[in-house]
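Participant: One structure, pasted below without further comment.
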Amino acid sequence: MIEARALIKRFGTLTAVDGVSLRAADGRVTGLLGPNGAGKSTTLRILYTVLTPDGGEAWIDGASVLAQPLEARRRMGVLPHGAGVYPNLTARENIEYFGALHGLPRTARRARAAELIARLEMEPFADRPAKGFSQGERVKTALARALVHQPRNVLLDEPTNGLDVMAVRTLRRLLGELRDEGHCILFSSHVMQEVAALCDDVIVIAGGRVVVQAGPDELKARAGTASLEEAFVRLIDPDGAGGGP
Amino acid sequence: MKSIWRVLRKELRETLRDRRSLFTTLIIGPLLMPALIGTVIFMAIRHSGAASTGPITLTVAHAERAPRLLDFLRQYQVRVRPVNADRARARRLVERQQGPLLYVPREFGTRLAAGKPAPLRLYADESDRSVQGKVERLSTLIGLYGGTIARLRLVARGLDPQLLVPIALHPIDTSTPQSRAALTLGMLSYAIVFTMLMSGLYIAIDTTAGERERGSLEPLLTVPVEREHLVYGKMLAACVMMFVSLVLTVAAFAVTLRHIGLARLGMSANFGPGVAAGIVLGCLPLIPAGAALMTLVASYTRSYREAQTYVGLVLLVPTLPLIFASILGLQPRAALMAVPSLSQHFIIMSLLRGEPLPSGYVVISAGVSLALGAVLVYLAGRLYRRERLLG
């Protein structure tokens, strides 16, 4: 379970995150939805302990990201934006390296890497150096790397960026499976269909603030519209100042 | 501790797979540099060696006019090659061929017999250094021959030949063979220190700028490992590369210089296995400081390319004292031994000269270098904690 209370993060004069509180439960896929620059990535980066908030607090399964960052990191797997891998290592070695850094013994990380390679359909490129990987192959490698220590919580920052249809389907299927196994999944996106197809809960974020947290259907009801996209637009821009139909 | 070791192993594995960086680290620096410097020294030896001891071929026009002089020269390893030529042709011959030409004018014999200065013309292209040496030797030999005639003339007139030698000057060269060689070998310590630092460059840059540019820094920071340990592992990997390159460079120098045979230059560069081991040990304390310095500088840059530029410039800082030391002819002092990299230069030079430094000096050098290394390593570790690192 991931919880955040009143997170604040400033970069100079810009307040990127302005009092974000949220909750992502186990066995559910929670989507962090918002336009570009809304503060989604910054929120996630605070949660996965790379940024320190200027105010507020967050917990991963009860471990404070501020007071016990190592404990918190142990309990989550992270797919950051961009998903960089080591070009001179193979996909398998990339995964096993992170297993080693998570403290898995050699046999355990070997077995776990093999399991993830099968599950993510990575066999054709698993033992090639990551140098020439396509975006899809890179994201799969980075995803397997994030899951190597079987984390209860999984955080993904725009995971479908640059993926083709097949790769997106594999990813969706995997996230669904992880949810059914009881994992807590929090991912950010600005793509409506993705959120609609996957999420049990939606957190709409705009201007560094949480606008609403609800299920997709509740969201539509609240905005008084049948389309999620329309609901989204009305929620982040209630006065319609941004134009529209 | 375990995670430091794991990071170290992964960094080395990656470096060993990267042919380009491996080539620079292990081939260009350690093998090419000694070969290059060796060749330069070798050419210098061949040039001066040939002029000072080897036989000289002297082309002589009208050899029949000075048979005794030529007999005298033949005793001193001068090969006489007679040609038929007038003065104009003699000049053209010198322009066409290398080596000096002696022209004996018609009046040589008569003037010699009359006790008047007998003219000789020595044509040579002195812009060629090897010809310069030959001309010097020939002038000395001909002067010697003239001196003998002068002494005989005085004796024939009942005078003591010593009258012609009012002053006897004896120049005494106090340089030992080692100290003469050291001048030529001055560039050697520069090459060793520079190559050593260069070899850590790739990993040092990769630790921050490289990881950031590839987008692998953020995932790395989400593993449950103290951030300092990640940097320590990476810097340790850079240290290993620097150490390997240092050993290779020193070994390559030892082999090259041994084959060149510096003894022919009147030098005996003292470069046995013992001295080589001493040089490696003397440079060892500088390694952590070098690795940490490059890591620190690279962390302030925005991209790999930028990092390469800046770290390349920073590499000049530790090598600047060496250049000043050579130009100013600095001698080791306790205060100067507290300057990292300069003190390593002094240690290398003293080992090559065969003039050991006081052991206190070596302790100062190692102590200060290691202390600087510790401070820089600590700072680099702290730096990895900062958010700004993400860029």
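Participant: Does the stretch B:377-389 include one or more residues that are of a type outside the set (Gly, Ala, Ser) and within 22 Å of B:LEU188 (Cβ to Cβ)?
Facilitator: Step one: of the stretch B:377-389, the residues of a type outside the set (Gly, Ala, Ser) are B:377-379, B:382-389.
When the remaining residues are screened for being within 22 Å of B:LEU188 (Cβ to Cβ), the result is none.
For the stretch B:377-389, residues of a type outside the set (Gly, Ala, Ser) and within 22 Å of B:LEU188 (Cβ to Cβ): absent.
Participant: Could you tell me which residue of the stretch B:113-139 is nearest to B:ARG68 (Cα to Cα), considering only residues that are without any contact (Cβ under 8 Å) to a residue 12 or more places away in the chain and in contact with a helix residue (DSSP H, G or I) (Cβ under 9 Å, 6 or more places away or on another chain)? Write out each step before concluding.
Facilitator: From the stretch B:113-139, those without any contact (Cβ under 8 Å) to a residue 12 or more places away in the chain are B:113-114, B:116-118, B:126-127; that's our starting set.
Of the ones still in play, those that are also in contact with a helix residue (DSSP H, G or I) (Cβ under 9 Å, 6 or more places away or on another chain) are B:116-118, B:126.
Numbers: B:LYS116: 17, B:PRO117: 16, B:ALA118: 14, B:GLU126: 27 Å.
Ranking the qualifying residues of the stretch B:113-139, first place goes to B:ALA118.
Participant: Sort out which residues of the stretch A:30-62 are among the acidic types (Asp, Glu) and under 22 Å from B:PRO219 (Cβ atoms), and write them in order of number. Break it down stepwise before answering.
Facilitator: In the first step, residues of the stretch A:30-62 are kept if they are among the acidic types (Asp, Glu); the result is A:54, A:57, A:61.
Selection gives A:ASP61 alone.
Participant: What strands (runs of 3 or more DSSP E), lying completely within the stretch B:16-114, carry at least 1 residues that are of a type in the set (Gly, Ala, Ser) and at pLDDT 80 or above? Talk me through it step by step, then tell me what you get.
Facilitator: On the way: elements: B:56-61, B:78-83, B:101-103.
In the stretch B:16-114, B:56-61 are the strands (runs of 3 or more DSSP E) which contain 1 or more residues that are of a type in the set (Gly, Ala, Ser) and at pLDDT 80 or above.
Participant: Go through (1) of a type outside the set (Asp, Glu); (2) within 14 Å of chain A (Cβ to nearest Cβ); (3) crowded, with 24+ Cβ neighbours inside 10 Å and name the single condition B:VAL250 misses.
Facilitator: The one condition B:VAL250 does not meet is (2).
Participant: Consider the stretch B:346-391. How many of its residues are modelled with pLDDT of 80 or more and of a type in the set (Lys, Arg)?
Facilitator: 3
Participant: Looking only at the stretch A:179-188, which residues are out of contact with any Ser or Thr (no Cβ under 7 Å at 6 or more places or on another chain) and either in contact (Cβ under 8 Å) with a residue 40 or more places away in the chain or surrounded by 20 or more Cβ atoms within 10 Å (Cβ to Cβ) (or both)? Explain how you work it out, then say what you get.
Facilitator: Initial filter on the stretch A:179-188 (out of contact with any Ser or Thr (no Cβ under 7 Å at 6 or more places or on another chain)): A:179-184, A:187.
Of everything in the stretch A:179-188, those that are out of contact with any Ser or Thr (no Cβ under 7 Å at 6 or more places or on another chain) and either in contact (Cβ under 8 Å) with a residue 40 or more places away in the chain or surrounded by 20 or more Cβ atoms within 10 Å (Cβ to Cβ) (or both) turn out to be A:ARG179, A:ASP180, A:GLY182, A:HIS183, A:CYS184, A:PHE187.
Participant: If you take the residues of the stretch A:73-86 that are buried (at least 24 other Cβ atoms within 10 Å of the Cβ) and more than 7 Å from chain B (Cβ to nearest Cβ), which of them is farthest from B:PRO224 (Cα to Cα)?
Facilitator: Kept after step one, since they are buried (at least 24 other Cβ atoms within 10 Å of the Cβ), are these residues of the stretch A:73-86: A:73, A:76-80, A:83, A:85-86.
So of that shortlist, the ones also more than 7 Å from chain B (Cβ to nearest Cβ) come out as A:76-77, A:79.
Working: A:MET76: 10, A:GLY77: 11, A:LEU79: 15 Å.
Looking at residues that are buried (at least 24 other Cβ atoms within 10 Å of the Cβ) and more than 7 Å from chain B (Cβ to nearest Cβ), I get A:LEU79.
Participant: Test A:ASP54 against the criterion of being of a type outside the set (Phe, Trp, Tyr), more than 8 Å from chain B (Cβ to nearest Cβ) and either surrounded by fewer than 17 Cβ atoms within 10 Å (Cβ to Cβ) or closer than 24 Å to B:LEU22 by Cα (or both), and give yes or no. Even if it seems obvious, please write down each step before you answer.
Facilitator: Numbers: of a type outside the set (Phe, Trp, Tyr): yes; more than 8 Å from chain B (Cβ to nearest Cβ): yes; either surrounded by fewer than 17 Cβ atoms within 10 Å (Cβ to Cβ) or closer than 24 Å to B:LEU22 by Cα (or both): yes.
For A:ASP54, the condition - of a type outside the set (Phe, Trp, Tyr), more than 8 Å from chain B (Cβ to nearest Cβ) and either surrounded by fewer than 17 Cβ atoms within 10 Å (Cβ to Cβ) or closer than 24 Å to B:LEU22 by Cα (or both) - is met.
Participant: Please pick out the residue among A:ALA24, A:ALA38, A:ALA58, A:ALA16 that is in contact with a Cys (Cβ under 7 Å, 6 or more places away or on another chain), aliphatic (A, V, I, L, M) and in contact (Cβ under 8 Å) with a residue 40 or more places away in the chain.
Facilitator: Values: A:ALA38 fails: in contact with a Cys (Cβ under 7 Å, 6 or more places away or on another chain); A:ALA58 fails: in contact with a Cys (Cβ under 7 Å, 6 or more places away or on another chain); A:ALA16 fails: in contact with a Cys (Cβ under 7 Å, 6 or more places away or on another chain).
Going through A:ALA24, A:ALA38, A:ALA58, A:ALA16 in turn, just one is in contact with a Cys (Cβ under 7 Å, 6 or more places away or on another chain), aliphatic (A, V, I, L, M) and in contact (Cβ under 8 Å) with a residue 40 or more places away in the chain: A:ALA24.
Participant: Now for a different question. Of all the residues that make up the stretch A:141-171, how many are surrounded by fewer than 24 Cβ atoms within 10 Å (Cβ to Cβ) and either small (Gly, Ala, Ser) or more than 19 Å from A:VAL50 (Cβ to Cβ) (or both)?
Facilitator: Adding up the residues that qualify gives 13.
Participant: Could you check A:LEU70 against (1) within 8 Å of chain B (Cβ to nearest Cβ); (2) part of a loop (DSSP other than H, G, I, E, B); (3) at negative phi and say which number it fails?
Facilitator: (2)
Participant: With in contact with an Asp or Glu (Cβ under 9 Å, 6 or more places away or on another chain), farther than 29 Å from A:GLU3 by Cβ and buried (at least 16 other Cβ atoms within 10 Å of the Cβ) as the only criterion, which of A:ALA126, A:ALA113, A:ALA100 stands out? Write out each step before concluding.
Facilitator: On the way: A:ALA126 fails: in contact with an Asp or Glu (Cβ under 9 Å, 6 or more places away or on another chain); A:ALA100 fails: in contact with an Asp or Glu (Cβ under 9 Å, 6 or more places away or on another chain).
Among A:ALA126, A:ALA113, A:ALA100, only A:ALA113 is in contact with an Asp or Glu (Cβ under 9 Å, 6 or more places away or on another chain), farther than 29 Å from A:GLU3 by Cβ and buried (at least 16 other Cβ atoms within 10 Å of the Cβ).
Participant: Filter the stretch A:140-171 down to residues that are within 20 Å of A:LEU33 (Cβ to Cβ), within 12 Å of chain B (Cβ to nearest Cβ) and of a type in the set (Val, Ile, Thr), then give me how many there are.
Facilitator: 1
Participant: Just to be sure, is A:LEU178 modelled with pLDDT of 90 or more, in contact with a strand residue (DSSP E or B) (Cβ under 7 Å, 6 or more places away or on another chain), in a helix (DSSP H, G or I) and more than 14 Å from chain B (Cβ to nearest Cβ)?
Facilitator: On the way: modelled with pLDDT of 90 or more: yes; in contact with a strand residue (DSSP E or B) (Cβ under 7 Å, 6 or more places away or on another chain): yes; in a helix (DSSP H, G or I): yes; more than 14 Å from chain B (Cβ to nearest Cβ): yes.
Spelling it out, A:LEU178 is indeed modelled with pLDDT of 90 or more, in contact with a strand residue (DSSP E or B) (Cβ under 7 Å, 6 or more places away or on another chain), in a helix (DSSP H, G or I) and more than 14 Å from chain B (Cβ to nearest Cβ).
Participant: Taking B:LEU379 as the residue in question, decide whether it is part of a helix (DSSP H, G or I) and either within 30 Å of B:PRO224 (Cα to Cα) or of a type outside the set (S, T, N, Q) (or both).
Facilitator: Working: part of a helix (DSSP H, G or I): yes; either within 30 Å of B:PRO224 (Cα to Cα) or of a type outside the set (S, T, N, Q) (or both): yes.
Taking the combined requirement at face value, the residue satisfies it.
Participant: Filter the stretch B:140-168 down to residues that are within 18 Å of B:VAL60 (Cα to Cα) and in contact (Cβ under 8 Å) with a residue 24 or more places away in the chain and give me whichever is surrounded by the fewest Cβ atoms within 10 Å (Cβ to Cβ).
Facilitator: In this case the residue turns out to be B:ILE142.
The values are calculated or read from the model by the stated rules, or taken from the named source; none is laboratory data. Note that the coordinates shown come from a computational prediction; the quantities given were computed from them, not determined experimentally. All Cβ positions, even for glycine, are placed from backbone atoms using ideal geometry, and neighbour counts span all protein chains on display.
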